[in-house]
Amino acid sequence: MPAAAVRKGNGRTGRVRGRGERGPLASAGLHAGLLLAAVTAVFPPLWLLVTSFKPKSDAFTTSLVENFTFANYDHVLNDTHFLTWFGNSVLIVLVTTFLGVFISATTGYAVSRFRFPGMRPLMWTLLITQMFPMAILIVPLYNLMAQLGLLNQPVGLIITYLTIAVPFCAWMMKGFFDTIPVAIDESGRVDGLNPFGTFWRLILPLAKPGIAVTGFYSFVTAWAEVAYASAFMTGEENLTLAGGLQTFVNQYTNDWGSMTAAAVIIAVPAMIVFGFAQRHLVAGLTAGATKS
């Protein structure tokens, strides 16, 4: 029966709704739920931004900004080691992102295109490492870094973050490379390219969405991680931004104004990176999920 068919009976007429078509009440409920979810998601960062412009004495008031001030930002930038923390984080993030993308892309391509002894155990190892919560790994990784003399060293954090980012990203890149026809590799070999040349010149330019997801995941892992940064780095001159935030609110002090101002500044680079990568994120995640 057509969706627009008219039903008659008991003196009433009405249009029969098609399959998947929502009624007025269902549509209103759906939009109300989406609006509630949007408000719930937006309210915390919005209130964080509002609090950062309040004087310290008004940090816990429920009113909007009555005495607008930049004092919190001035204190964070000029009276703390924030710029040192920022530099430490940028160094660690850049190296982690570069190595994470390179290792994940080459690993994913090798597993996607070649068959070699130990390939399946390698992929299972990468998968199993994702099953352990980060809290369980802090103590063994701390002991390992202590034995290698890598505590309070950026190299120690970089290696740690790579152990988090690379397994997931390698699996995702493997699934993405599976979607690229093997005929492209064969055409590269016909033209005289070796396997790495084929990967670098022909395959990698086609993998921009997957590279964007890998780079963004590696960036977020190193930029926003707190547990390892706090455990492995001590002394204010060695902290990253995530560890430095804890110096504002702890058992000795509660400087919520500086805490919110620093959090807003930290969020800006992440927003910029997301803005550049977002058009590739959905395509990359979808491609990596459908074939792996």
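Against the numbered list (1) modelled with pLDDT under 85; (2) farther than 29 Å from Gly210 by Cα, Leu127 comes up short only at (2).
Here is a yes/no grid of residues against (1) in contact with a Phe, Trp or Tyr (Cβ under 9 Å, 6 or more places away or on another chain); (2) outside the structural domain of Glu237 (by TED's automatic domain parsing); (3) within 19 Å of Tyr228 (Cβ to Cβ):
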| site | (1), (2), (3) |
| --- | --- |
| Arg113 | yes, no, no |
| Pro121 | no, no, no |
| Leu137 | yes, no, yes |
| Gly156 | yes, no, yes |
| Asn194 | no, no, no |
| Arg201 | no, no, no |
| Leu204 | yes, no, no |
| Ala207 | yes, no, no |
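Has region 205-218 got any residue that is more than 20 Å from Phe168 (Cβ to Cβ), over 21 Å from the mean Cα position of the chain (by Cα) and surrounded by 14 or more Cβ atoms within 10 Å (Cβ to Cβ)? Scanning region 205-218 turns up at least one residue that is more than 20 Å from Phe168 (Cβ to Cβ), over 21 Å from the mean Cα position of the chain (by Cα) and surrounded by 14 or more Cβ atoms within 10 Å (Cβ to Cβ). With respect to the conditions (1) buried (at least 19 other Cβ atoms within 10 Å of the Cβ); (2) within 14 Å of Val111 (Cα to Cα); (3) of a type in the set (Ser, Thr, Tyr), Thr198 falls short on a single one, namely (2). Across region 96-124, which residue is modelled with the lowest pLDDT among those that are surrounded by 10 or more Cβ atoms within 10 Å (Cβ to Cβ) and either of a type in the set (D, E, K, R) or not in a helix (DSSP H, G or I) (or both)? Among residues in region 96-124 that are surrounded by 10 or more Cβ atoms within 10 Å (Cβ to Cβ) and either of a type in the set (D, E, K, R) or not in a helix (DSSP H, G or I) (or both), the one modelled with the lowest pLDDT is Arg120.
The values are calculated or read from the model by the stated rules, or taken from the named source; none is laboratory data. As the structure is a computational prediction, the values presented were derived from the model and not from experiment. Note: ideal-geometry Cβ built from the backbone for every residue, glycine included; neighbour counts use all protein chains shown.
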